[in-house]
Amino acid sequence: MSASLATRRAVTTVLAAGALIGAAALPAAAAHDDDRRDHRGSHSVVISDVQYGTAGRDRSARALNREWVEVKNTGRKSVNLRGFTLTDRQGNRYRFADFRLDGRSSVKVHTGQGRDTRHDVYQDRRHQIWDERDTATLRDNRGNVIDTETWGRHGSR
């Protein structure tokens with residue numbers, strides 16, 4: 001009977017230790033989820049990638065169109081981006097016209113000139129916007145920050 005009692009005590013100790021470890025880890029995970037929710041809101045639209053321009057004087061349409069910010073709809077339902085804006089650190093702004101972004105798809109916002117399609121839109125600018133140290137901010141049609149991506153010296157890229 002004492003072997004059975006020792007076994008029960010050992011199992012109880014292991015279960016209690018597991019519960020304590022699980023409880024200690026839970027607040028950290030919940031805090032991370034809250035931070036993400038604060039940062040991105042309830043939107044499924046995010047900045048998914050950035051290709052900034054290279055330093056230089058090449059202002060050709062081809063060079064400007066190699067510079068882009070990709071906006072992605074991570075949700076299943078399409079989203080109309082009418083009135084959404086994409087800005088850089090210097091205040092340059094691109095405003096989406098009536099543009100429907102399908103679920104689980106993306107659109108690249110190119111700096112230069114071109115013909116808009118379902119996957120590529122153009123700002124029609126004649127100079128570089130995105131530098132090697134910059135921030136892209138996506139806002140909804142009410143001006144609420146949806147997502148921000150920073151790169152360079154103080155950024156994550």
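The values are calculated or read from the model by the stated rules, or taken from the named source; none is laboratory data. Just so it is clear, the structure is predicted and the values come from calculations on it, not from any experiment. Don't worry about glycine lacking a Cβ; one is built from the backbone with ideal geometry, like all the others, and counts go over all protein chains shown. The accessibility values were calculated without ligands, DNA or RNA, using every heavy atom of the protein model including side chains. Shrake-Rupley method; radii C 1.70, N 1.55, O 1.52, S 1.80 Å.
A search for C-beta distances below 9 Å between a residue of the range 65-83 that is without any contact (Cβ under 8 Å) to a residue 24 or more places away in the chain and any residue that is outside any loop (DSSP other than H, G, I, E, B) and among the basic types (Lys, Arg), counting only pairs 6+ apart in sequence or on different chains, returns Asn80/Arg100.
Residues of the range 113-132 that are part of a loop (DSSP other than H, G, I, E, B), without any contact (Cβ under 8 Å) to a residue 40 or more places away in the chain and either of a type in the set (A, V, I, L, M, F, W, C) or in contact with a strand residue (DSSP E or B) (Cβ under 9 Å, 6 or more places away or on another chain) (or both): Arg115, Asp116, Thr117, Arg118, His119, Gln123. Taking the range 146-157 on its own, how many of its residues are farther than 15 Å from Val50 by Cα and without any contact (Cβ under 8 Å) to a residue 24 or more places away in the chain? Counting residues in the range 146-157 that are farther than 15 Å from Val50 by Cα and without any contact (Cβ under 8 Å) to a residue 24 or more places away in the chain gives 2. When the residues of the range 117-129 are filtered to those that are crowded, with 17+ Cβ neighbours inside 10 Å and modelled with pLDDT of 95 or more, the one that is nearest to Phe99 (Cα to Cα) is Val121. For the range 91-112, the tally of residues that are in contact (Cβ under 8 Å) with a residue 24 or more places away in the chain, out of contact with any Gly (no Cβ under 8 Å at 6 or more places or on another chain) and not in a strand (DSSP E or B) stands at 3. With the structure loaded, tell me whether Ala136 is out of contact with any helix residue (DSSP H, G or I) (no Cβ under 7 Å at 6 or more places or on another chain), outside any loop (DSSP other than H, G, I, E, B), hydrophobic (A, V, I, L, M, F, W, C) and surrounded by fewer than 19 Cβ atoms within 10 Å (Cβ to Cβ) or whether it fails that test. Criteria not met by Ala136. In this structure, Arg40 does not qualify as on the phi < 0 side of the Ramachandran plot and at pLDDT 65 or above. When Gly114 is tested against the conditions (1) more than 14 Å from Tyr52 (Cα to Cα); (2) touching a Lys or Arg at 6+ places or on another chain (Cβ under 8 Å), the lone failure is (2).
Among the numbered conditions (1) modelled with pLDDT of 95 or more; (2) open to solvent by less than 40 Å² (accessible area, probe 1.4 Å); (3) more than 23 Å from Arg153 (Cα to Cα), the only one that Thr87 does not meet is (3).
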